[in-house]
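For reference, the structure is listed below as structure tokens.
What follows is calculated from the coordinates using simple rules that are stated; it is not laboratory data. Note that the structure is a prediction, hence the values are computed from the model and not measured. Counting neighbours? That spans all protein chains shown, and the Cβs are built from the backbone with ideal geometry, glycine included.
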């Protein structure tokens, strides 16, 4: 087969590139199955869905996503600018604390705040019994579209904050310092210099927020919002209409692809180049006593609402329900979560390293397309991706029916479709972009001079990688693995749909407790997820200071 290729391609082709191409094709198969579902003949239910439900699904999804993106852009950009450009009391603590909400999945926050603010929750109970206040239920009812936007904004703004802050710290100093020297007012500098300069970073963070909202199922289900993801679950498991679920998934994926292309186009259009090779950090201006106190107070309120208050409430509930929840089955569930997440993250990082090295070794249209295909999985909601993955594995099981019968499993046995292999495969496709982007950034940081020197000394691609490149990018590989592990632990829709029978993880158990109105029992699995998230955030921040990410 290889000798049929042109000599120029044959010269460049190696195992790294072949494996990367196979991975890209595997990642593409579920998406192709879903998109081709739009071309198939619709089911009988589709006419009813299209006439009475489709507009509502699209409108509520758009409203939820647009409201969350707008709120997170305002909050994340403002806080990034505040902690980057100004010095005030508790700035160092707050600059780290603003990242902590990433450790709390929005669906856990929704269960927690929904119960806390209910009539029998801790907030209203304290106000009635201790303070003697009569409260109006309208001010505490967050089980609505506005409440969902508030929850998402409070726990997803760190995406915009972190990316924008990193950009401002590393790439904005010369422009902002020049504006200050020319006598520009701080507010004018922010709108005329900072916002246009950081549009690409803001768009990157906002796109991640949009993908997270569109992927959500727990918040939408708990708050009764008819988003596309909730509709896919309802059509699949409520109406038992897989064809209509595939069609809904195809429509949502088409919108996601458009959003993905628009975000990439905006980043390409907004590129700024520094006049020097090495940027200097931005000099922070000291705020006055009053303005500094206001900044610190606002920061404390945000961190309390977005991390410390829900964690404290979960800790109280965990004490109440410890005897009911903490048992041998719970230990087995923790083992399930850690085992499948670690296995998927390890395999994911191996493929991410291979793909990043292949795109670095052979810069061509083929490797560029492969890297983009590998990166698109993160933008596909878990409910959508799960349908495509399930269809691919069922088709594979049908093709292997003869093999199964020869092995004694039976002719019609679904072996791969009922195993953890399918779930791990889906995790890899969904979160491969997390590991790939981390490794690719590590490669960009070390440049090519070390690799070129190794090759000039006679080492091949593989020897160069293990002897030269891997020691230099090991921090980026570790960071990508940690972030991918955390994302897999938190993932809910994909796990709910593709897990084998009687296989529970921390995320699915917390969801089951909440769905059964046992919010307090969901505290312990939720706290363990948050603890793993906090550890991951701390490692990420520590390695970022060391320059390893």
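Some notes on this structure:
- Peptide packing: for 149-159, 298-308, the average count of neighbouring Cβ atoms within 10 Å per residue gives the ranking 149-159, 298-308, highest mean first.
- With a Förster radius of 22 Å applied to the C-beta separation of residue 170 and residue 291, the computed FRET efficiency comes to 0.25.
- The calculated 222 nm mean residue ellipticity attributable to helices in the chain amounts to -23500 deg cm²/dmol, summing -39500 (n - 2.57) over DSSP H runs of n ≥ 4 and dividing by all residues.
- Peptides 505-512, 162-169, 190-197 ordered by packing proxy, namely the average of other Cβ atoms within 10 Å per residue, highest first: 505-512, 162-169, 190-197.
- For the Cα trace of the chain, dividing Rg by the Kirkwood Rh returns an Rg/Rh value of 0.98.
- Projected over every direction and averaged, the convex hull enclosing the alpha-carbon atoms of the stretch 31-155 yields 13.0 nm².
- Modelled FRET efficiency - R0 56 Å, residue 127 with residue 406, Cβ distances, 0.05 increments: 0.20
- With q set to 0.15, 0.21, 0.27 Å⁻¹, the log10 of I(q)/I(0) for the stretch 89-169, from the Debye formula over equal scatterers at the Cα positions, is -0.69, -0.95, -1.18.
- Size of the stretch 374-471: Rg and Dmax of its alpha carbons, in Å, are 20.3, 57.
- Compactness of the stretch 100-245 is given as radius of gyration and Dmax, 21.2, 66 Å, from Cα positions.
- log₁₀ of I(q)/I(0) at q = 0.14, 0.18 Å⁻¹ - the stretch 420-549, Debye sum with one point per alpha carbon: -0.75, -1.00
- Sites residue 332 and residue 516 - FRET efficiency at Förster radius 22 Å, r taken between beta-carbons, to 0.05: 0.65
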